[in-house]
Amino acid sequence: MNVVTPQGEASLGARIVDDGIEPGAELLKVENVSLSFGGVKAIQDISFDVKKGEIRAIIGPNGAGKTSMLNVINGFYHPQEGTITFRGNVRTKMRPYMAASQGISRTFQNVALFTGMSTLDNIMAGRQLKMHKNFFWQMWRYGPAFNEEVEHRLEVEKIIDFLEIQSIRKTPVGQLPYGLQKRVELGRALAAEPSLLLLDEPMAGMNLEEKEDMSRFILDVNQQFGTTIALIEHDMGVVMDLADRVVVLDYGKKIADGFPSEVQASQEVIDAYLGVPH
């Protein structure tokens with residue numbers, strides 16, 4: 001699938017977060033991470049890194065451990081072995097809200113939105129960590145809290161414009177088709193202004209046109225705003241078009257790591273996807 005990026009500058013450029021890491025330098029490092037659930041080894045001694053400014057794909061057959069790896073990075077799971085280093089700091093046990101506060105945001109394989117709330121309010125929820133007024137002021141929406149909310153709503157409106165979802169800004173997301181729900185979830189993740197954006201199967205359940213739109217938005221987020229992206233995706237055409245580097249998992253183990261052309265030519269990767277018995 002060929003992805004064409006639209007002309008012109010998006011309106012979110014001012015939102016780029018300076019995290020002190022030079023482009024091309026190591027932003028995230030996974031070292032010898034292992035994760036087990038009882039006797040099931042979901043991840044076995046996996047190491048890889050994510051460089052500032054790149055799109056890093058994590059691929060593999062079903063059950064390979066891809067989502068478990070994102071959950072480790074995001075703090076949902078705590079590995080029994082190994083370390084995670086983010087922005088130069090070795091991570092100990094991390095909770096998801098702590099990861100979010102440090103600049104890691106994500107979307108989910110199964111859409112996780114507030115279905116009774118509007119598109120605008122769902123994306124606004126992604127700004128929560130950026131709000132500094134206490135609950136009392138926010139509840140009354142008075143004085144400084146009101147002014148702060150107005151500022152954050154302006155940022156949310158920019159995201160809505162960027163994702164071309166103006167027509168559904170007041171629509172409850174439970175009434176939206178799946179492809180648009182995926183776009184709203186991306187907007188909520190972007191609202192947190194992440195240094196590292198984790199995307200868990202952002203194209204799942206989409207038709208070709210929806211995949212092309214989502215690919216275009218992912219490229220714009222990466223190229224125009226400098227956001228580093230790690231994504232899981234089953235569509236190999238999408239992966240080869242988008243990713244700068246690819247790491248391949250199979251049965252919880254890393255079997256390949258490199259540029260898309262190198263990974264695509266790996267016999268071990270071909271065997272894993274064709275179902276050659278172990």
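The values are calculated or read from the model by the stated rules, or taken from the named source; none is laboratory data. Note that the structure is predicted; figures quoted are calculated from it, not measured. As a convention, Cβ positions derive from the backbone with ideal geometry for all residues, glycine included, and neighbour counts pool all protein chains shown.
A few notes on this one:
- With respect to being within 15 Å of the chain's Cα centre (by Cα), buried (at least 16 other Cβ atoms within 10 Å of the Cβ) and touching a residue at least 60 places away in the same chain (Cβ under 8 Å), MET69 fits the description.
- Scanning segment 148-163 for residues being touching a helix residue (DSSP H, G or I) at 6+ places or on another chain (Cβ under 8 Å) and either within 24 Å of GLU201 (Cβ to Cβ) or in contact (Cβ under 8 Å) with a residue 40 or more places away in the chain (or both) gives a total of 6.
- In segment 131-187, the residues that are modelled with pLDDT under 85, of a type in the set (Gly, Ala, Ser) and in a helix (DSSP H, G or I): ALA145
- Sole exception among (1) buried (at least 24 other Cβ atoms within 10 Å of the Cβ); (2) over 14 Å from LEU231 (Cα atoms); (3) at pLDDT below 95 for ILE46, by number: (3)
- Selected residue (only one of ALA192, ALA272 is modelled with pLDDT under 90, over 29 Å from MET117 (Cα atoms), in contact with a strand residue (DSSP E or B) (Cβ under 8 Å, 6 or more places away or on another chain) and buried (at least 21 other Cβ atoms within 10 Å of the Cβ)): ALA272
- Scanning segment 244-254 for residues that are crowded, with 19+ Cβ neighbours inside 10 Å and closer than 17 Å to ALA42 by Cα yields a total of 6.
- Residue count for segment 223-250, restricted to those that are over 19 Å from GLU26 (Cα atoms), charged (D, E, K, R) and either part of a helix (DSSP H, G or I) or modelled with pLDDT of 95 or more (or both): 1
- Taken over segment 99-113, residues that are over 17 Å from ILE232 (Cβ atoms) and out of contact with any strand residue (DSSP E or B) (no Cβ under 9 Å at 6 or more places or on another chain) amount to 2.
- Odd one out for PRO79 among (1) crowded, with 16+ Cβ neighbours inside 10 Å; (2) in contact (Cβ under 8 Å) with a residue 60 or more places away in the chain; (3) more than 23 Å from GLY20 (Cα to Cα): (2)
- Any hit, segment 115-126, residues being out of contact with any Ser or Thr (no Cβ under 9 Å at 6 or more places or on another chain), small (Gly, Ala, Ser), at pLDDT 75 or above and closer than 30 Å to SER36 by Cα: no
- Count - residues of segment 61-90 that are in a strand (DSSP E or B), touching an Asp or Glu at 6+ places or on another chain (Cβ under 9 Å) and of a type outside the set (A, V, I, L, M): 4
- Exactly one residue out of ASP257, ASP241 is in contact (Cβ under 8 Å) with a residue 60 or more places away in the chain, surrounded by fewer than 20 Cβ atoms within 10 Å (Cβ to Cβ) and under 27 Å from GLN44 (Cβ atoms): that is ASP257.
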